[in-house]
Amino acid sequence: MTAQIPRPLVARRSSACSVVPSPRTTLHSGGKTLQFQNSMAKNPRAADSRRGRPPTRRPQPRRAKAAPAASSSADIEDLAPAVPGAAAVALRAQLLRWYDAHRRDLPWRRASGGEEERAYAVWVSEVMLQQTRVPVVVSYYERWMARWPTVRSLAAATQEEVNEMWAGLGYYRRARFLLEGAKQIVEKGEFPRTASALREVRGIGDYTAGAIASIAFNEVVPVVDGNVVRVISRLYAISDNPKESSTMKRFWELAGQLVDPSRPGDFNQAMMELGATLCSKSKPGCSGCPVSSHCQALAHSLENPSVQVTDFPRVVPKAKPRSDFAAVCVVQIAQGLEEEVTDAKGHDNLFLLIKRPEEGLLAGLWEFPLLLVDESKTDLLNRRKAMDKYLNKLLSINVGRKSDVILREDVDGVDRQCQKEDDSTKLKFVNESSVESMGLTSGIRKVYNMVKAFKEKRLSISQKGQVPTRKRSRRLKQ
């Protein structure tokens, strides 16, 4: 059976932009005069040299040697406005008080154990939260930690076990990097404790490294995700394209100036919490925002009715996705020769799965036989011809003209073919219960559900005596 499904690919583009500091703004409100000064910085790292008093319940924070974005060769000293010392101190205090009173109760924030256990919990949660909403992640996180509570237990898992646990979260590359990173950490013998060392772990970038280092190890480093970008762009009324590398570099520099030196982990979480709740994309709750007195976007909106807080950050149109077309064939092999073909429960039947290459799109995932077809040849006849040719090449089986033909050839040779060392294509047969629990992509899962519904409908009709159930013949029907 073949099915046609689109496979979107998103292209990225970049263009140059200029970064202009916002002007000074004065706001008169409730008998008070609030000033917002956006001055040029002679030394953007000056704030990083200030240390707060050591906390009573935390180890002395460690200063990062360099901000995550400092590896670029571009000069950022003429782009990032300095944060006045008094304003920065006030902003930190106001934001942390709000966070202490209103932070959400999330399982990864309750992680117990030592620093390494805390680091592992932060790592898993942050990777899951990429491209996925918090309510969805909570249950996945709890199941994951119940099965692999430590980085060492994860390192002993297989990729298939990890994919099975990850099923439904999508973006399976994240799961692959988690497993590979865990193996790398265990091999080295210790969990990296600084942002710079964490960035050496496969799959850990600037954001995740900063989150782990600041939250678990109290290192004074910033984090910048979509929520933090929104908060900072409104605090400083930055209207530049947030997708541009120069603008992102500016965000990292400003976040580095703002991070609290005594509670860096809590401050970073507070910034993300603010962006995820009050400082939302379309309906910001400015009246309840703990740092609204520092917000230049709010000040501009009160002075000029044509300016809205939601104008920041700039909304960049997404590139139009490209659609590819694929023919998918669900190959089901029955064990008994005289049993009825139609079996809604799939008893004694096996499905053929093919493993994708270890590199590239959806790397290492299992799927039904699939091949891309030209958009002009997506009709039924051309899809069947292409798939028959593919299956013949893959399994040396001549499917014939009808897609519902069942061959009684000896297929044991397929297993021997799977064991060839020079064969990059990996095949396996699994029963229906295994297919139900496997980590399949959403597209392949939809195909499977469509086939399952078709079989159930066919069985229902045959049981009513409307359509006779086919028996397997001992020779190929043409």
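The values are calculated or read from the model by the stated rules, or taken from the named source; none is laboratory data. Treat the numbers as computed from the prediction; the structure is a model and nothing was measured. When we count neighbours, we look across all protein chains shown, and the Cβ atoms used for this are built from the backbone with ideal geometry, even at glycine. Surface areas here come from the heavy atoms of the whole protein model, side chains and all, with no ligands, DNA or RNA. Shrake-Rupley method; radii C 1.70, N 1.55, O 1.52, S 1.80 Å.
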Pairs of Cα atoms farther than 15 Å apart, segment 239-291, %: 59
Tell me, what does the Kirkwood hydrodynamic radius of segment 137-254 come to in angstroms if you use every pair of distinct C-alpha atoms? 16.0
³J(HN,Hα), Karplus 6.51/-1.76/1.60, whole Hz, each residue of segment 306-319, x for Gly, Pro: 7, 9, 10, 4, 6, 6, 10, x, 4, 7, 9, x, 6, 5
Holding the Cα-Cα limit at 32 Å, pick out from Lys243/Lys377; Lys318/Lys457; Lys183/Lys281; Lys385/Lys455 the pairs that are longer than that. Lys243/Lys377; Lys318/Lys457; Lys183/Lys281
Arrange the peptides 154-166, 266-278 so that the one whose residues have, on average, the most other Cβ atoms within 10 Å appears first. 266-278, 154-166
Provide the three semi-axes, in whole Å and in decreasing order, of the ellipsoid equivalent to segment 185-257 as defined by the square roots of 5 times the Cα gyration tensor eigenvalues. 27, 12, 8
What base-10 log of the normalised intensity I(q)/I(0) is obtained for segment 133-181 from the Debye formula, alpha carbons as equal point scatterers, at q = 0.14, 0.22 Å⁻¹? -0.31, -0.78
Extension gain, Arg143 back to Ala90 (0.36 nm per residue minus Cα-Cα distance, nm): 15.1 nm
For segment 167-307, give the percent of accessible area contributed by carbon and sulfur heavy atoms, probe 1.4 Å, rounded to a whole number. 50
For Asp324, the residues 5 or more places away or on another chain with a placed amide H closer than 5 Å to its own amide H are Arg7, Leu9
Spelling out what I want: for every residue of segment 444-457, take phi, set θ = phi - 60°, compute 6.51 cos²θ - 1.76 cosθ + 1.60 (Karplus), and round to whole Hz; glycine and proline get x. 5, 4, 5, 4, 4, 5, 5, 5, 4, 5, 4, 5, 5, 5
With every protein chain left in place and a probe of 1.4 Å, what is the accessible surface of Phe325, to the nearest 10 Å²? 40
